[in-house]
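Visitor: Quick one: the structure is below, questions incoming.
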2 protein chains.
Amino acid sequence: MQIDPSHPRFKSLKIREKLVWGIKKGLTHPAGLLAHGRGEAFDYLLGEKTHDFAKKAIEAAGAYLISAKNPIISVNGNTSALCPNELVGLAKLLNCKIEVNLFHYSKKRVVIIENYLSRVDSKVILRSNKSSKIIFPDIASWRKIMLKEGIASADVVFVPLEDGDRAEALIRLGKKVITVDLNPLSRTAQTATVTIIDNLIRLLPLLIKKIKKLKMVDADNLKSLTINYNNKTCLNNSLKLISDRLKKSG
Amino acid sequence: MQIDPSHPRFKSLKIREKLVWGIKKGLTHPAGLLAHGRGEAFDYLLGEKTHDFAKKAIEAAGAYLISAKNPIISVNGNTSALCPNELVGLAKLLNCKIEVNLFHYSKKRVVIIENYLSRVDSKVILRSNKSSKIIFPDIASWRKIMLKEGIASADVVFVPLEDGDRAEALIRLGKKVITVDLNPLSRTAQTATVTIIDNLIRLLPLLIKKIKKLKMVDADNLKSLTINYNNKTCLNNSLKLISDRLKKSG
């Protein structure tokens, strides 16, 4: 269906259409649309804007990712459908791989997403059929399947739009988790090492730009950026902002 | 896919699955899942609970619907997939019809929904092929198609999960609009005569119960319930509640 450009929520409706297109192509799972809608609501409460707490988290995320020995990018259907070029660009910049990891898992969908991202650049895609699978039994979803040469052996995992259950498991495994989540109250947001409270579409170009700058910074200064970063403060600032905005709207 | 009952968001994931099932049956449009996810986020902020402001709105909604000359229930794919029995039960109680009205319109989907609800009770379903269609050109979506013997001639429209654009148009047409919306900031919520800030699944049984009670009340008292109801106060109370809850979470 053609959406009328005069509709006041035209932009947001267009992004929705992209995810609906993703379903038709087999990239996105229908339940992923629900998760996106949930994020949309929080973005709405944030005023659809990248705030200072997100900028601070982006800087810390950049520092962690550059300093990592084995960074990895964990993508799902939504992230792949929405930002294929930016995700591949980020992987190239970090010289790391992208691993497909799904909550609503099917072998077929993993391959469809791998192929879709490979069209941008196949070299950065870690193929599920070329790496052993490791199953972490304490995760209550199919996100428990991870690749040996990917997430399983990574020290820093960049995983936008994560499930809370797996975020906790990755932290228990001693990994640093960098996530993107619009809901500051989610278990993922509360658990991750760095939580960027922002819309993935808005933030990825900013993260890429920041990493390019941080590549000029020496290891000691990168280290202090990670040490001085306080995720709890960023989360609290985002909650305060939403709370104040709601009060003003009343 | 089977969702593991040990997953902390099991209940909410099961409702999502119902909507995904709705897509397979042709009832739900994929974009409806996004809208549901958006509502889910606000429900989460409300603590997934029916608050006093919602109970007040339910009472006013009941009074308006009982006092109406030509009430109508406007349903879409989501509402039909989630609460078919309760919607039909409400229509029978009010002795009114249910009209299918869709944002992502297709003739085929209208008929699928009409058939689905007819399986509960066909007498309360206003069939789109048995009433003339009226098109309201100032609505920027397919919700502009309304049935002459239905919404077009109704004085009170009960429309859970409405689009803001059409809510405004219905009000301009002089109708009373009773809506259900989990987002107190949405244009629908801000525009409607009565906005019930609650989850449709939780509130429909409460509304039905309240209407049964209000049927014993005389016309003057019903009138005063509608006159004394202040939608703006309810919206503000819901914003305050969410705001306070967010602050406490920080």
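The values are calculated or read from the model by the stated rules, or taken from the named source; none is laboratory data. Note that the structure is a prediction, hence the values are computed from the model and not measured. Reconstructed Cβ throughout: ideal geometry from the backbone, glycine too, with neighbour counts over all protein chains shown. To get the accessible areas, we keep the full protein, side chains included, count just its heavy atoms, and leave off ligands, DNA and RNA. Shrake-Rupley method; radii C 1.70, N 1.55, O 1.52, S 1.80 Å.
Visitor: Cα to Cα, under 19 Å, and not fewer than 8 places away if on the same chain: which lysines meet these conditions relative to residue B:11?
Guide: Excluding near neighbours in sequence, the set is B:49.
Visitor: Moving to a separate point now. Using just the helices of chain A, give the 222 nm mean residue ellipticity in deg cm²/dmol: DSSP H runs with n ≥ 4 each add -39,500 (n - 2.57), and the total is spread over all residues, rounded to 500.
Guide: -17500 deg cm²/dmol
Visitor: Please compute the contact order of chain A in relative form: average sequence separation of alpha-carbon pairs under 8 Å and at least six residues apart, divided by the residue count, as a percent.
Guide: The normalised contact order for chain A reaches 23 percent.
Visitor: Cα-Cα pairs above 15 Å in the stretch B:76-148: how many percent?
Guide: Of all Cα-Cα pairs in the stretch B:76-148, 52 percent lie more than 15 Å apart.
Visitor: Rounded to whole Å, how close does chain A get to the rotation axis onto B by Cβ? Give me the residue too, please?
Guide: It is A:37, 1, counting Cβ atoms only.
Visitor: Here is a follow-up. Quick one: dipole size for the stretch A:127-219, taken about the Cα centre, charges +1 on Lys/Arg Cβ and -1 on Asp/Glu Cβ, in debye to the nearest 20. Walk me through the numbers before you get to the answer.
Guide: Values: 17 positive and 10 negative charges, 89 e Å.
It comes to approximately 420 debye.
Visitor: Using only protein heavy atoms and a 1.4 angstrom probe, determine the accessible area buried between B and A, summed over both sides, in Å² to the nearest 100.
Guide: Buried: approximately 4000 Å² between A and B.
Visitor: With N set to the number of residues, divide the alpha-carbon radius of gyration of the protein assembly as shown by 2.2 N^0.38 Å and report two decimals.
Guide: Relative to the 2.2 N^0.38 Å estimate, the protein assembly as shown comes out at 1.04.
Visitor: Further question on the same structure: Might you tell me the accessible area per residue for the stretch A:67-155, computed with a 1.4 Å probe and given in Å²?
Guide: Details: 3870 Å² over 89 residues.
So the stretch A:67-155 comes to 44 Å² accessible per residue, rounded to a whole number.
Visitor: Check the straight Cα-Cα distances from residue B:25 and name the lysines below 21 Å, setting aside those fewer than 8 residues away within the same chain.
Guide: Here the lysines satisfying the reach criterion relative to residue B:25 are A:24, A:25, B:14, B:107, B:108.
Visitor: Of all beta bridges DSSP finds with both residues in chain A, what is the antiparallel percent, to the nearest 5? Mind dumping the intermediate values first?
Guide: Numbers: 3 of 19 bridges.
Of the beta bridges lying entirely in chain A, close to 15 percent run antiparallel.
Visitor: Quick one: 3J(HN,Hα) in Hz for the stretch A:81-87, Karplus 6.51/-1.76/1.60 with θ = phi - 60°, rounded, Gly and Pro as x.
Guide: Ordered by residue, 3J(HN,Hα) equals 5, 7, 9, x, 5, 5, 5 Hz.
Visitor: Still on this model: For residue B:201, place a label point 7 Å from Cα along the Cα-to-Cβ direction in every copy; what are the distances to the other copies, in nm, shortest first?
Guide: Between copies, matching label points for residue B:201 lie 2.8 nm apart.
Visitor: Order B:74, B:118, B:6, most accessible first, counting only protein heavy atoms with a 1.4 angstrom probe.
Guide: Reading off the accessible areas and sorting them downward yields B:6, B:118, B:74.
Visitor: At a probe radius of 1.4 Å, what is the per-residue accessible area of residue B:171, in Å² to the nearest 10?
Guide: 60 Å²
Visitor: Here is a further query. Report P(r) for chain A: all Cα-Cα distances, bin width 5 Å, range 0 to the bin holding the largest distance, values in whole percent.
Guide: Spelled out bin by bin, chain A gives 1, 6, 14, 18, 20, 18, 12, 7, 3, 1, 0, 0 percent.
Visitor: Run the accessible area of the protein assembly as shown with a 1.4 Å probe and give the carbon-and-sulfur part as a rounded percent.
Guide: Within the protein assembly as shown, the accessible surface is 52 percent carbon and sulfur.
Visitor: Placing +1 on the Cβ of each Lys and Arg and -1 on the Cβ of each Asp and Glu in the stretch A:102-212, which of A:116, A:151, A:137 has its Cα farthest towards the positive end of the resulting dipole?
Guide: Highest projection toward the positive end goes to A:116.
Visitor: Can you tally the net charge around residue B:180? Count Lys and Arg as +1, Asp and Glu as -1, for every other residue whose Cβ sits under 9 Å from the Cβ of residue B:180.
Guide: Its environment carries a net charge of -3.
Visitor: Moving to a separate point now. Assume the label is 7 Å from Cα along Cα to beta carbon: what separations in nm does residue A:173 have to the matching positions in the other copies?
Guide: From this label point to the equivalent ones elsewhere in the assembly: 5.5 nm.
Visitor: If exposed trypsin sites (Lys or Arg not before Pro) are those in a DSSP loop with at most 15 other Cβ within 10 Å, what is the longest stretch of chain B that has none?
Guide: The longest uninterrupted stretch comes out as B:70-147.
Visitor: Give the long-range amide H neighbours of residue B:134: residues separated by 5 or more places, or on another chain, with amide H under 5 Å away, using H modelled in the peptide plane at 1.01 Å from N.
Guide: B:146, B:147, B:148
Visitor: Excluding residue B:77 itself, what net charge comes from residues whose Cβ is under 11 Å from its Cβ, given Lys and Arg +1 and Asp and Glu -1?
Guide: +2
Visitor: Just reorder A:73, A:135 by solvent-accessible area, largest first, 1.4 Å probe, all chains present. Intermediate results must be reported in sequence, preceding the final value.
Guide: Details: A:73 0, A:135 95 Å².
Most to least solvent-accessible, the answer reads A:135, A:73.
Visitor: Where the label is 7 Å out from Cα toward Cβ, how close does residue A:15 come to the same position in every other copy, in nm, shortest first?
Guide: 2.2
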